[in-house]
Amino acid sequence: MNLLRTRNRRRKSDVAPTPEELGTHTEALRQALAAGGDRIDPTERRLATSILNKVDERTAIAGGHTVVALAGATGSGKSSLFNQLVGDEVAEVDARRPTTSTPTAAVWGSSPATRLLDWLSVGTRHRVVEPDHADADDAGLPGLVLLDLPDVDSTATDHRAEADRVLELSDIFVWVTDPQKYADARLHDDYIRALAGHAATTLVVFNQADRLTPEHLAACRSDLMRLVSEDGEREAQVLVTSARTGLGVPELRHQIALAVSRRTAAYERLAADIRYAAIRLRKAVSDSEPDVEDALDGPLVDALTRAAGIPTVLAAVEKDYRREAWARTGWPFTRWAHALSPDPLKRLRLRPEKLDTGGPGITTADVRAVLGRSSLPPPTPAARAAVDLAARELGERAGAGLPPRWADAAEDAATRPHEDVADALDQAVLRTSLRADKPLWWTIVGLWQGVLAAAAVIGLVWLGALAVMGWLRLPAPRTPMLGPVPYPTLLLVGGLALGFVLGFLGRAAARVGGRRRRDMIAGRLRDAVTEVARVHIVAPVMQVLADHRLTRERLDAASGRSSQA
Ligand SMILES: Nc1nc2c(ncn2[C@@H]2O[C@H](COP(=O)(O)OP(=O)(O)OP(=O)(O)O)[C@@H](O)[C@H]2O)c(=O)[nH]1
Ligand SMILES: [Mg+2]
């Protein structure tokens, strides 16, 4: 992809980072790509990755060189100006069009810039040996790597591709144009406008000035300045030169020397590219994330609770409480009837019996949590549909206002296949203890029932003994009386009657207690189901939102915008 065609406009003042800032911005862009994952458009990711690679490669090459590229239309005089600047006939100049097909480099200074030129894949290299009497204007040229590029507009398309490739890697862009082509709209759009924002590192050269009369030249120059300004390069320098007469060449050399001596052009260019990638990626990220903090308070947990069969479990818990309460506090003479009714928790394989494992407090529930499933009925299609609906609604809420790829990710996270959720729910029910301390009133009432039953039995035996003695005509001992009522009769009737009444009250208390037990276990089970919802449905959705936020913050940091990083 040709980055030059799509470059955004940037303000000059945006582009002046220190190497440390460039490092921070680069790292931020890298983190943004990691956080964004596959929710970043693959084409944009490739673009950003190629820029990151470029930054890595360029910053790894030491030497402090500045790469200045002469680019423009065929025949504008790039090679001629190159030779003027080098002071030697290095590049081929010809009346044939196009002439230059591969780039030529000239390197000033003591270092041959071998690694840099290898990286630029520029094979033709020339070392410039500066004369001792170099004037003050040349003071900044050590460190300059000047490139003569192929043209960008000839019929040879590979010329343009090669020029674009090298321009992409260059630090300073010198646009060479001439009286015939300076107004070519396509060249303005594709290059000067596309590279606007590199004003600090862009020079526009109007060459072949010798071919115009002074009036004509002035008119063309102001016309070119207007066009360049319209391209967004308001502060770009427009220099007038003639490679034939040498007019303006010292000024061009001076301007290049100034830029090279600042030694910041490479960082500025790289920072501008990082910024450019970050701004592009930022367009596919929202300014905020939807608030789904209340996701666990709503219909999702309700739906999961029904799907987990928890109403069935709770009904069994309540019934079990009543059953056990009656067994312990009921009228002893009818208790046996309860023993015949089925155990509701056992039927669901949820009865928390102690196992004879010797381990402390291990219940069958704990073991089944590892080994298998409860016998809860599977969720009905309606319950399943309610879970799907609640999950989808959560996903839609989480994705609302997010760009499409993020919205899709949020919905996918909420509505992943829910087999694991069904299992997790079953396990959550199994792991939840249905046990609770035996109420004290069971023991007290149970004891009283024992006492009353014993009294009734004693009364019965006593009366029986009296009856037998009467029948045998034996003299009966005096039967103690409470008022008009003999003790044995009081014991029998009182024991039976009070026991019956106590049993009746116990049943009423068991109904109330059963409801309380049900509410308590309901709380536990709801917590367990809430945890399943959190782990399996809400957390993945939250993760998407957290990734989205991190991506945005990192992109803002990469582009130099304020960030909460
Ligand atoms: N009159 C005049 N002719 C020039 C000037 N600069 C270059 N030329 C001539 O224009 C023709 C093209 O010059 P080059 O330097 O080869 O142009 P180029 O931009 O390198 O062309 P390509 O390599 O095809 O892209 C040559 O015949 C040069 O002699 C100038 O300032 N004035
Ligand atoms: Mg040339």
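Taking just the alpha-carbon atoms of the range 30-104, what radius of gyration and Dmax come out, in angstrom?
19.3, 54
Where does helix 381-399 land angle-wise versus the long Cα axis of the chain, in degrees 0 to 90, nearest 10?
Helix 381-399 sits roughly 30 degrees off the main axis of the chain.
Does anyone have the angle between helix 404-414 and the longest principal axis of the chain? Alpha-carbon axes, 0 to 90°, nearest 10?
Tilt relative to the chain: about 20 degrees.
With labels modelled as points extended 7 Å from the Cα through the Cβ direction, what inter-label distance (nm, one decimal) is found for residue 114 paired with residue 479?
Here the answer is 12.9 nm between the modelled labels.
So if R0 is 25 Å, what FRET efficiency would residue 347 and residue 380 give, r being the distance between their Cβ atoms, rounded to the nearest 0.05?
Numbers: r = 19 Å, r/R0 = 0.74.
Calculated transfer efficiency: 0.85.
To two decimal places, what compactness ratio does the range 285-340 give when its Cα radius of gyration is scaled by 2.2 N^0.38 Å?
Details: Rg = 22.1 Å, N = 56, 2.2 N^0.38 = 10.2 Å.
Rounded to two decimals, the normalised Rg is 2.17.
In the range 271-351, what trypsin sites (Lys or Arg not before Pro) fall in a loop by DSSP, with at most 14 other Cβ atoms inside 10 Å? All intermediate terms of the calculation are to be shown ahead of the outcome.
Values: sites: 275, 280, 282, 283, 306, 319, 322, 323, 328, 335, 346, 347, 349; in loops: 283, 335, 349.
Counting only loop positions with at most 14 other Cβ atoms within 10 Å, the trypsin sites (Lys or Arg not before Pro) in the range 271-351 are 283.
Using alpha carbons only, how many angstrom separate the centre of the range 243-321 from the centre of the range 410-444?
37
If you bin the C-alpha pair distances of the chain every 10 Å from 0, what whole percents do you get?
Result returned by the calculation: 3, 13, 16, 12, 9, 8, 8, 7, 6, 5, 4, 3, 2, 2, 1, 0, 0.
At a temperature of 20 °C and a viscosity of 1.002 mPa s, determine how fast the range 420-496 diffuses translationally according to Stokes-Einstein, using the Kirkwood radius over alpha-carbon pairs as Rh; express D in µm²/s, rounded to the nearest whole number. If you can, show how the numbers build up before the last one.
Numbers: Rh = 16.5 Å.
Roughly 130 µm²/s, to the nearest whole number.
Give me the percent of accessible area attributable to carbon and sulfur for the range 160-259, probe 1.4 angstrom.
54
Rolling a 1.4 angstrom probe over the protein heavy atoms, how many square angstrom per residue are accessible across the chain? Intermediate results must be reported in sequence, preceding the final value.
On the way: 27400 Å² over 565 residues.
With the other protein chains kept in place, the chain gives 49 Å² per residue.
Under the rule of -39500 (n - 2.57) per DSSP H run of 4 or more residues, summed and divided by the residues of the chain, what mean residue ellipticity at 222 nm is obtained, to the nearest 500 deg cm²/dmol? Don't skip to the end; give the middle numbers.
Numbers: 20 runs with 298 residues, N = 565.
It comes out at -17000 deg cm²/dmol, rounded to the nearest 500.
Would you kindly state how much longer the chain becomes between residue 121 and residue 92 on full extension, computed as 0.36 nm times their sequence separation minus their alpha carbon distance, in nm to one decimal?
On the way: separation 29, 0.36 × 29 = 10.44 nm, distance 1.89 nm.
Extra length available between residue 121 and residue 92 comes to 8.6 nm.
Using the Kirkwood formula over every pair of different C-alpha atoms, what hydrodynamic radius in Å results for the range 420-565? Numbers along the way, then the final one.
Details: mean 1/r = 0.0452 Å⁻¹.
About 22.1 Å for the range 420-565.
Output the 0 to 90 degree angle, nearest 10, between the alpha-carbon long axis of helix 419-431 and the longest principal axis computed from the alpha carbons of the chain.
Helix 419-431 sits roughly 40 degrees off the main axis of the chain.
Ordering 440, 22 from largest to smallest accessible area (1.4 angstrom probe), what's the sequence? Kindly include the intermediate steps, with their values, before the conclusion.
Working: 440 125, 22 5 Å².
So the residues, ranked largest to smallest area, are 440, 22.
Just order 490-496, 443-449 by mean Cβ neighbour count inside 10 Å, highest at the front, would you? Intermediate values should be presented prior to the final figure.
Values: 490-496: 18.7, 443-449: 16.0.
So the peptides 490-496, 443-449, ranked by packing, come out 490-496, 443-449.
Determine the gain in length on full extension of the stretch residue 60-residue 327; use 0.36 nm per residue of separation and subtract their C-alpha separation, reporting nm with one decimal.
Working: separation 267, 0.36 × 267 = 96.12 nm, distance 8.30 nm.
Length difference between fully extended and current span is 87.8 nm.
Computing the accessible area with a 1.4 Å probe over protein heavy atoms, can you report the carbon and sulfur percentage for the range 29-107? Could the numbers behind the result be given before it?
Working: 1430 of 2990 Å².
Carbon and sulfur: 48 percent of the exposed surface of the range 29-107.
For residue 405 and residue 296, calculate 0.36 nm times their separation in residues minus their Cα-Cα distance, and state this gained length in nm to one decimal. Can you show the working numbers first?
On the way: separation 109, 0.36 × 109 = 39.24 nm, distance 2.46 nm.
Full extension of this stretch gives 36.8 nm more.
Need one number: nm distance between label points at residue 500 and residue 27, each 7 Å from Cα along Cα→Cβ, rounded to one decimal.
8.7
Roughly how many nanometres apart are two label points built 7 Å out from the Cα toward the Cβ at residue 487 and residue 161?
The answer from the label model is 12.0 nm.
The values are calculated or read from the model by the stated rules, or taken from the named source; none is laboratory data. Predicted model only: the values in this text are computed from it and were never measured. Cβ: placed from backbone, ideal geometry, glycine included. Neighbour counts: every protein chain shown. Please note that ligands, DNA and RNA were not included when accessible areas were found on the heavy atoms of the full protein model with its side chains. Shrake-Rupley method; radii C 1.70, N 1.55, O 1.52, S 1.80 Å.
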